[in-house]
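Engineer: Below is a structure I'd like to ask you about.
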Amino acid sequence: MKNMLLWIVQLLLDFSLIMIAFRLWGKYGLYIWCSISVIVANIQVTKNVMLFGMEATLGNVLYATGFLATDLLSEFYGPKQSAKAVLVGFFSLVAMTLMMQLSLLFAPSPSDIAQPALQQIFGLMPRIAFGSLVAYVCSNTHDVWAFEFWKRRKPGKRTLWIRNNFSTMVSQAIDTVIFTSIAFIGVYPKDVVVSIMVSTYVLKWIVAICDTPFMYLGRAWFDAGKIPENPFNA
């Protein structure tokens with residue numbers, strides 16, 4: 001029960017933070033969120049928890065909110081801006097992985113207490129990062145394309161939920177299969193990998209449904225002129 005409540009809190013927190021970033025800094029806030037989500041999610045994913053009776057990894061909620069960011073960018077600024085956000089996230093994860101791997105090579109001092117913990121978490125990072133990078137590029141590229149595909153066929157405010165959910169749910173399935181296969185096959189027993197794969201997609205699917213009201217909130221803010229165009233020129 002505790003994990004379920006914390007998962008709901010994290011869901012609300014992540015959506016709130018992404019909307020705050022969008023409200024304060026417009027498309028630049030969404031770029032910032034893409035970096036935050038991909039970096040922190042790839043650290044959280046090293047922790048396994050039980051959620052709704054399933055074994056799952058943390059990071060599902062945070063990572064999935066990246067799709068909300070790219071969908072907001074596609075809706076209001078076009079697919080090219082959304083594709084730029086994907087590149088920003090890609091660069092952020094590569095940079096973090098390289099810097100942390102270099103950090104692990106430094107010989108710790110006799111009084112150091114962090115090296116074992118850092119080694120435990122970031123020692124897995126190259127494989128996790130590789131799986132995440134492949135999954136991230138494939139799934140987000142599909143999400144940008146699919147959102148624009150449904151936007152052309154189902155334009156207008158009333159069908160916003162269609163392009164948001166249809167693009168995100170398929171993209172998250174692609175992401176889940178690719179990432180879980182690369183990151184965890186050979187690390188965990190087969191039944192655990194399957195459990196993680198199923199739970200990851202189910203949780204991301206829930207996130208995809210829950211992010212629809214925030215898409216409409218973004219639409220309302222944008223139409224009302226409340227989203228800044230050049231927030232850093234003030």
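The values are calculated or read from the model by the stated rules, or taken from the named source; none is laboratory data. What you see is a predicted model, and the numbers here were worked out from it, not measured in a lab. Cβ: placed from backbone, ideal geometry, glycine included. Neighbour counts: every protein chain shown. With ligands, DNA and RNA removed, areas are computed over all heavy atoms of the protein, side chains included. Shrake-Rupley method; radii C 1.70, N 1.55, O 1.52, S 1.80 Å.
Engineer: Can you tell me how many residues within the range 63-85 are of a type in the set (A, V, I, L, M, F, W, C) and either open to solvent by 10 Å² or more (accessible area, probe 1.4 Å) or in contact (Cβ under 8 Å) with a residue 60 or more places away in the chain (or both)?
Structural biologist: 6
Engineer: I need the full set of residues from the range 146-201 which are among the charged types (D, E, K, R) and under 14 Å from the mean Cα position of the chain (by Cα), in order please.
Structural biologist: ASP175
Engineer: Can you work out which of the residues in the range 146-187 that are over 12 Å from ASP71 (Cβ atoms) and open to solvent by 80 Å² or more (accessible area, probe 1.4 Å) is modelled with the highest pLDDT?
Structural biologist: ILE185
Engineer: I would also like to ask the following. Can you tell me which residues in the range 188-203 are of a type outside the set (S, T, N, Q), open to solvent by 10 Å² or more (accessible area, probe 1.4 Å) and touching a residue at least 60 places away in the same chain (Cβ under 8 Å)?
Structural biologist: Scanning the range 188-203 gives VAL192, VAL198, VAL202.
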